[in-house]
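In what follows, a single structure is set out as structure tokens and then discussed.
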Amino acid sequence: MFKWIHRFGSAPFVYRLAGLLGPWVGWLCLIVMLVGLYLGLIVAPADYEQGESYRIIYVHVPAAILSMFVYVVMAVSSAVFLIWRMKLADVVAQASAPIGASFTFLALVTGSLWGKPMWGTWWIWDGRLTSELLLLFLYFGYMALRAAIEHPQSAARAAAVLAVVGVVNIPIIHYSVEWWSTLHQPATITKIGKPSIHPSMAVPLLLMIFGFQLLYLYIVLLRTRIGILQREARTSWVANLPEIESSGANRV
Amino acid sequence: MSDVAAFFHMGGYAAYVWPSMLISLVVLLANVFISRAQYKRVLRQTAQRARAKAESSTTGAKNQNVKS
């Protein structure tokens, strides 16, 4: 199977597949998010402890979960790239980095906006917040490393090693609320067996998480196409793409 | 208080809830539009390069296979 993927011919296949899936994923994402927001902001009741402020959960938790999910995707693709020399895996990892960074930033900002009214502080150097901040720096480091090394192959390999090593931070983020119990509340929906959240709040939350995942998928498909175009710019299949031919005719 | 006003008031937490929603919207849309713009830009650059290559090969350039 890996040999099949490894083939040079898979780049056009992935490029076209990503182009086909893109619009479907995009529209589904929009619908899921709109329904999730409607149920979360309007239909769901206020929290008995936190009042209306808890509604920040509908963007904070999806952003935080995705910030880790995207990193795992990046680390696994990087490992695949390092072990099997699969170029497309590197394309996916590179495409994921800015998205993951933006989700991490979003998790930190919305968490801060939630922390102020509930904890009385914008920021605290506890395990969860600090390890999430470290995640942001891992994304930045990955992107900076790629940009700093001139030779593309060396840049890809160095960045992939960083991504793989940095994955150790993910369990730290996840278990931080149990290991060092401070202000951040423990997990709500991922508690196995006994979720402590009512369906009227859980359903919109799950929809928003799914919506964020679809957004990630939409963007990563698009950015993978960009990465393939850049790497395969000199090949004849790229030159013969209908969008390339029309784009060339419109321009010059 | 009307329903609409109550909705925007967010039980007194409007100053925290709405900025959260706004920044999320901005970040998500920025992801979409920056990526789309970049895709179009790369498409255009690739097309220009492919055209240049096609022209150089039709004018009989012998180094068409040399990677530039």
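Values in this text are rule-based calculations from the coordinates and carry no lab data. Predicted model, so just to flag it, every value in this text is computed and none were measured. Cβ coordinates were reconstructed from backbone atoms using ideal geometry, including for glycine residues, and neighbour counts include every protein chain displayed.
For the protein assembly as shown, what is the mean residue ellipticity at 222 nm derived from helices alone (per DSSP H run of n ≥ 4: -39500 (n - 2.57); sum divided by total residues; nearest 500 deg cm²/dmol)?
Result for the protein assembly as shown: -26000 deg cm²/dmol, rounded to the nearest 500.
Using Cα pairs under 8 angstrom and six or more residues apart, how large is the relative contact order of chain A, in percent?
The normalised contact order for chain A reaches 31 percent.
By Kyte-Doolittle mean hydropathy of at least 0.5 and Cα axial length of at least 24 Å, which whole DSSP H helices of chain A are selected?
Correct list, ordered by number: A:10-38, A:57-84, A:87-119, A:127-148, A:199-231.
With the dipole of the protein assembly as shown worked out from charges on the C-beta (+1 for Lys and Arg, -1 for Asp and Glu) around the Cα centre, which of A:Ala18, A:Val43, A:Trp119 lies farthest toward the positive end?
The one lying farthest along the dipole's positive direction is A:Ala18.
Using a 10 Å cut-off on Cβ to Cβ distances, tally the other chain neighbours for every residue of A:116-124 and report the average as a whole number.
Mean inter-chain Cβ contacts per residue within 10 Å come to 1.
Considering every residue in A:51-58, what mean count of other chain Cβ atoms within 10 Å of its Cβ is obtained?
The per-residue average across the peptide is 6.
Is there a simple number for the mean count of other chain Cβ atoms within 10 Å of the Cβ of residues in B:7-15, and what is it?
The per-residue average across the peptide is 5.
Given Cα pairs under 8 Å that are at least 6 residues apart, what percent is the relative contact order of segment A:108-250?
15 percent.
Quick one: Cα centre-to-centre distance for segment A:114-146 and segment B:22-47, in angstrom?
Cα centres, segment A:114-146 to segment B:22-47: 25 Å.
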